[in-house]
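Nothing in this text is a laboratory measurement; each read-out follows from the coordinates by a stated rule. Note that this is a predicted model, so its numbers are computed, not measured. Using ideal geometry, Cβ is built from the backbone for each residue, glycine included, and neighbour counts are taken over all protein chains shown.
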Amino acid sequence: WAGKVFKHSSAGVKGESVQRNLDDIRAALGHHANEGRLPYAPKVPAVPEDLRSPPKERILSIDELGAIVAFARDDVDTFRWILLMIATLARPEAASQFDPREQWDKAHGLIDLHPPHWKRTKKHNPVVPIVPPLVPFMTAWAGANVVKVASKKTAWRTLRGALKLGPEVVAKTIRHTGATYIRKHRVHAEEVETQLGHRV
């Protein structure tokens, strides 16, 4: 590079990351074939099962969720982000861009989890009812300076390290945990899918 030699090594990426990329390619090819831009969608093989990452089955306990909330109280932006994810099962990226002044319909008790400046894609962020315990936090949030943070990775890693949670616990584990709990309480599958944005 510019006449200099730099050494670089990489452990590569996980099989699951490669599979996500292949899924995106497959979807794009299928879309263009359906639109008549391609004569057909060529078959894109999947990553062999033995090279795929094991599914993230980690479910947080109520005590662990409580510890996460308690630890985050000193960082108001992270605290609000975590409460929003617990109360709505929002995707972490969408929750980090949440602005209650634009996305909370106080009159109708609804929260639009899709950031207004984001393009609508198949990764649907739904409109969900607000749960009563979240209202006072949302009211305080709407009256304060709203800080949208592109990434909460550092805050999450700090929290996870302090609470001695394993590396398998990512911010999205909150969403997975919440979905598991509501399924265990026999919430109808269609309602679960709607809450998660898997069904419009």
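Quick notes
- Inter-label distance for Lys153 and Gln19, nm, one decimal - labels placed 7 Å from Cα along Cα-to-Cβ: 2.2
- Two-site FRET efficiency, Asp50 against Val146, from Cβ-Cβ distance with R₀ of 30 Å, rounded to 0.05: 0.05
- Using a Förster distance of 35 Å, the FRET efficiency for Arg26-Arg101 (Cβ separation, nearest 0.05): 0.35
- In the structure shown, the pairs Lys123/Lys184; Lys119/Lys152; Lys106/Lys184; Lys123/Lys153 are assessed against 26 Å; a Cα-Cα span above that value is assigned to Lys106/Lys184.
- Distance histogram in 10 Å bins (all Cα pairs of the chain, percent per bin): 7, 27, 32, 22, 11, 2, 0
- Residue among Ile62, Ile182, Ile25 with the largest mean-square fluctuation in a Gaussian network model of the chain, springs linking Cα atoms under 10 Å: Ile25
- Tilt relative to the chain, helix 76-88 - C-alpha long axis, 0 to 90 degrees, to 10: 80
- Between Arg73 and Asp112, the FRET efficiency from the beta-carbon distance, with R0 = 30 Å, is close to 0.70.
- Here the relative contact order of the chain, from alpha carbon pairs under 8 Å that lie six or more residues apart, stands at 21 percent.
- For a modelled paramagnetic label at Ile182, 7 Å from Cα along Cα-to-Cβ, the residues of segment 132-147 in reach, with backbone nitrogen under 15 Å, are 132-134.
- Relative to the longest principal axis of the Cα atoms of the chain, the long axis of helix 62-72 lies at roughly 80 degrees.
- Acute angle (nearest 10 degrees) that the helix 153-162 long axis makes with the longest principal axis of the chain, alpha-carbon atoms: 70
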